[in-house]
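Novice: Attaching a single structure in structure tokens format; questions to follow.
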Amino acid sequence: MRNGIDLHTHSTASDGTFTPGALVQKAHDLGLYALALTDHDTVAGLAEAHEAAKATGMRFVPGVEISVKFDGPGHCHLLGYFFDYRHPRLTETLQALHEARANRNKKMIAKLRELGIEISEEELRALAGDGEIGRPHMAKLLVMKGVVKDFDEAFEKFLGKGKPAYVPKALLSPKEALEIIHEAGGLTSLAHPYYLKLPPEGVRDYVRELKEYGLDAIEAYYTDHDRDYTRFCLELAEEFGLLVSGGSDFHGDNKPEIALGTGKGDLFVPPEVYDRLRAAWEGR
């Protein structure tokens, strides 16, 4: 019996703790059938991951997770798969988002200092290494300094949406993000619908809207989706003629409770999910 797949992971190119190459090697060692690297708003790790996948024989999907504008109570991320990660419009757009993210970090550091919390970009850079600094690194530093007891408290008190040190991200519209991924030759999926924090009918209406913009798939299998929510997402996929995706949202030590491939222990993404996505992409 084939092992499962993981089409939602992060590396040191964004806010994970495994290098892209080490992530691929770990997936290979675990016997995963296929892996996608979907760093936040960047494709910087894909070339390294792709080379590592060729060396191990791992089925590898170039991916990205793009945060988009969303007026609801939660947040919306879109996943891109199988695209040309050297596509000019894609790389230029992501570079602009990268620069905006760097400015956001500076503003959040300043807000933390105004709150009497001594924190520096140099300290965050030491934690992030060659990767991009993000809120998980800020949370980790706050834990190390004894300001909070854990990641959850860091976000609940300081870093979460609407909290004292929060600064909104520069975001694309959903339509723009879907268009750019398609222009680069890829497929698109709505990431973790649970985090839209909408009631079922609200999710259905939003999926209907995204489908009109060209959405290809919905992430039904996800670490924080219970069986009922997974079933709901599968029903939405059938209702709107969408493909299905799935993954753990692995971040390494930045989310130690989430294991590659199995999430919090009971996640299983069937290998057929990869096969169907790949077949749809090849048939475009």
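The values are calculated or read from the model by the stated rules, or taken from the named source; none is laboratory data. These numbers were taken from a predicted model, which means no experiment stands behind them. Neighbour counts are summed over all protein chains in view; Cβ atoms, including those assigned to glycine, are modelled from backbone coordinates with ideal geometry.
Novice: Could you list, in sequence order, all residues of the stretch 260-270 that are surrounded by 15 or more Cβ atoms within 10 Å (Cβ to Cβ) and over 18 Å from K26 (Cβ atoms)? Give the steps one after another, and end with the answer.
Specialist: Residues of the stretch 260-270 that are surrounded by 15 or more Cβ atoms within 10 Å (Cβ to Cβ), as a first pass: 260-263, 267, 269-270.
Residue satisfying the conditions is P270 alone.
Novice: Conditions first: (1) surrounded by 19 or more Cβ atoms within 10 Å (Cβ to Cβ); (2) more than 30 Å from V203 (Cα to Cα). V143 passes all but one, so which condition is the exception?
Specialist: For V143, the failing item is (1).
Novice: Here's a follow-up. Residues of the stretch 272-284 being surrounded by fewer than 17 Cβ atoms within 10 Å (Cβ to Cβ) and closer than 17 Å to L32 by Cα, which ones? Walk me through it before giving the result.
Specialist: Start the filter on the stretch 272-284 by keeping residues that are surrounded by fewer than 17 Cβ atoms within 10 Å (Cβ to Cβ), which leaves 272, 275-276, 278-280, 282-284.
Once the filter is applied, which keeps residues that are surrounded by fewer than 17 Cβ atoms within 10 Å (Cβ to Cβ) and closer than 17 Å to L32 by Cα, the stretch 272-284 yields E272, D275, R276, R278.
Novice: Right, here's the next one. Which of the residues belonging to the stretch 29-49 are small (G, A, S), surrounded by 21 or more Cβ atoms within 10 Å (Cβ to Cβ) and outside any loop (DSSP other than H, G, I, E, B)?
Specialist: A34, A36, A49
Novice: Considering every residue within the stretch 224-234, establish whether at least one is within 21 Å of E65 (Cα to Cα), touching a residue at least 40 places away in the same chain (Cβ under 8 Å), touching a Pro at 6+ places or on another chain (Cβ under 8 Å) and part of a helix (DSSP H, G or I).
Specialist: So far as the stretch 224-234 goes, yes, one or more of its residues are within 21 Å of E65 (Cα to Cα), touching a residue at least 40 places away in the same chain (Cβ under 8 Å), touching a Pro at 6+ places or on another chain (Cβ under 8 Å) and part of a helix (DSSP H, G or I).
Novice: Specify which of the listed residues (G131, G116) is surrounded by fewer than 16 Cβ atoms within 10 Å (Cβ to Cβ) and assigned to a loop (DSSP other than H, G, I, E, B). So that I can check it myself, show each step before the final result.
Specialist: Details: G131 fails: surrounded by fewer than 16 Cβ atoms within 10 Å (Cβ to Cβ).
On inspection, the qualifying residue turns out to be G116.
Novice: Among the residues of the stretch 235-251, what is the count of those that are within 13 Å of the chain's Cα centre (by Cα) and assigned to a helix (DSSP H, G or I)? I'd like the intermediate steps shown before the answer.
Specialist: Here is the first cut: in the stretch 235-251, the ones within 13 Å of the chain's Cα centre (by Cα) are 245-251.
Filter again for assigned to a helix (DSSP H, G or I), leaving none.
Selection size over the stretch 235-251: 0.
Novice: Residue by residue through the stretch 93-119, note down the ones that are over 19 Å from G160 (Cα atoms) and of a type in the set (S, T, N, Q).
Specialist: Taking the stretch 93-119 first, the residues over 19 Å from G160 (Cα atoms) are 93-99.
Answer for the stretch 93-119, where residues must be over 19 Å from G160 (Cα atoms) and of a type in the set (S, T, N, Q): T93, Q95.
Novice: Only one of these is touching a residue at least 24 places away in the same chain (Cβ under 8 Å), in a loop (DSSP other than H, G, I, E, B) and either surrounded by 12 or more Cβ atoms within 10 Å (Cβ to Cβ) or of a type in the set (A, V, I, L, M, F, W, C) (or both): A177, A170, A100. Name it. Write out each step before concluding.
Specialist: Numbers: A177 fails: in a loop (DSSP other than H, G, I, E, B); A100 fails: in a loop (DSSP other than H, G, I, E, B).
Going through A177, A170, A100 in turn, just one is touching a residue at least 24 places away in the same chain (Cβ under 8 Å), in a loop (DSSP other than H, G, I, E, B) and either surrounded by 12 or more Cβ atoms within 10 Å (Cβ to Cβ) or of a type in the set (A, V, I, L, M, F, W, C) (or both): A170.
Novice: Continuing with this model, one more query. Give the residue that is surrounded by the most Cβ atoms within 10 Å (Cβ to Cβ), with candidates limited to residues of the stretch 204-219 that are part of a helix (DSSP H, G or I) and of a type outside the set (D, E).
Specialist: Residues of the stretch 204-219 part of a helix (DSSP H, G or I): 204-213.
Filter once more, so that each one left must be of a type outside the set (D, E): 204, 206-208, 210-211, 213.
Numbers: R204: 17, Y206: 20, V207: 21, R208: 13, L210: 23, K211: 17, Y213: 16.
In this case the residue turns out to be L210.
Novice: Inside the stretch 1-28, can you point out the residues that are surrounded by fewer than 21 Cβ atoms within 10 Å (Cβ to Cβ) and either touching a residue at least 12 places away in the same chain (Cβ under 8 Å) or in a helix (DSSP H, G or I) (or both)?
Specialist: Of the stretch 1-28, the ones surrounded by fewer than 21 Cβ atoms within 10 Å (Cβ to Cβ) are 1-3, 19, 21-22, 25-26, 28.
The answer is R2, N3, T19, G21, A22, Q25, K26, H28.
Novice: Is it true that some residue in the stretch 220-237 is surrounded by fewer than 23 Cβ atoms within 10 Å (Cβ to Cβ), of a type in the set (G, A, S) and touching a helix residue (DSSP H, G or I) at 6+ places or on another chain (Cβ under 8 Å)? First the steps, then the outcome.
Specialist: At the first step, the residues of the stretch 220-237 found to be surrounded by fewer than 23 Cβ atoms within 10 Å (Cβ to Cβ) are 223-232, 234-237.
If we keep only those that are of a type in the set (G, A, S) as well, we get 237.
Then drop every residue that is not touching a helix residue (DSSP H, G or I) at 6+ places or on another chain (Cβ under 8 Å), which leaves none.
Checked against the condition, which is being surrounded by fewer than 23 Cβ atoms within 10 Å (Cβ to Cβ), of a type in the set (G, A, S) and touching a helix residue (DSSP H, G or I) at 6+ places or on another chain (Cβ under 8 Å), the stretch 220-237 yields no hits at all.
Novice: So, G116, is that one on the phi > 0 side of the Ramachandran plot and either touching a residue at least 40 places away in the same chain (Cβ under 8 Å) or of a type outside the set (V, I, T) (or both) or not?
Specialist: Values: on the phi > 0 side of the Ramachandran plot: yes; either touching a residue at least 40 places away in the same chain (Cβ under 8 Å) or of a type outside the set (V, I, T) (or both): yes.
Criteria met by G116.
Novice: If you take the residues in the stretch 50-83 that are in a strand (DSSP E or B) and among the aromatic types (F, W, Y), which one is nearest to L215 (Cα to Cα)?
Specialist: Restricting attention to the stretch 50-83, the residues satisfying the condition of being in a strand (DSSP E or B) are 59-68, 76-81.
Pick out the ones that are also among the aromatic types (F, W, Y) and you get 60, 81.
Numbers: F60: 22, Y81: 12 Å.
Taking the candidates together, the pick is Y81.
Novice: Something else now. Residues of the stretch 146-166 being part of a loop (DSSP other than H, G, I, E, B) and buried (at least 16 other Cβ atoms within 10 Å of the Cβ), which ones?
Specialist: Pass one, the stretch 146-166, residues part of a loop (DSSP other than H, G, I, E, B): 146-150, 160-166.
Across the stretch 146-166, the qualifying residues are V147, V148, A165, Y166.
Novice: Now a separate question. Residue under question is L78, and the condition is that it be at pLDDT 95 or above and more than 30 Å from E282 (Cα to Cα); does it hold?
Specialist: Details: at pLDDT 95 or above: yes; more than 30 Å from E282 (Cα to Cα): no.
Spelling it out, it is not the case that L78 is at pLDDT 95 or above and more than 30 Å from E282 (Cα to Cα).
Novice: Hey, another quick one. If the Cβ limit is 9 Å and pairs must be 6+ apart or interchain, which residue in the stretch 72-94 that is charged (D, E, K, R) pairs with which residue that is in a strand (DSSP E or B) and crowded, with 17+ Cβ neighbours inside 10 Å?
Specialist: From the stretch 72-94, the pairs are D84/P62.
Novice: Just for the stretch 269-284: of the residues that are touching a residue at least 60 places away in the same chain (Cβ under 8 Å) and either assigned to a helix (DSSP H, G or I) or touching a helix residue (DSSP H, G or I) at 6+ places or on another chain (Cβ under 6 Å) (or both), which one is nearest to R231 (Cα to Cα)?
Specialist: V273
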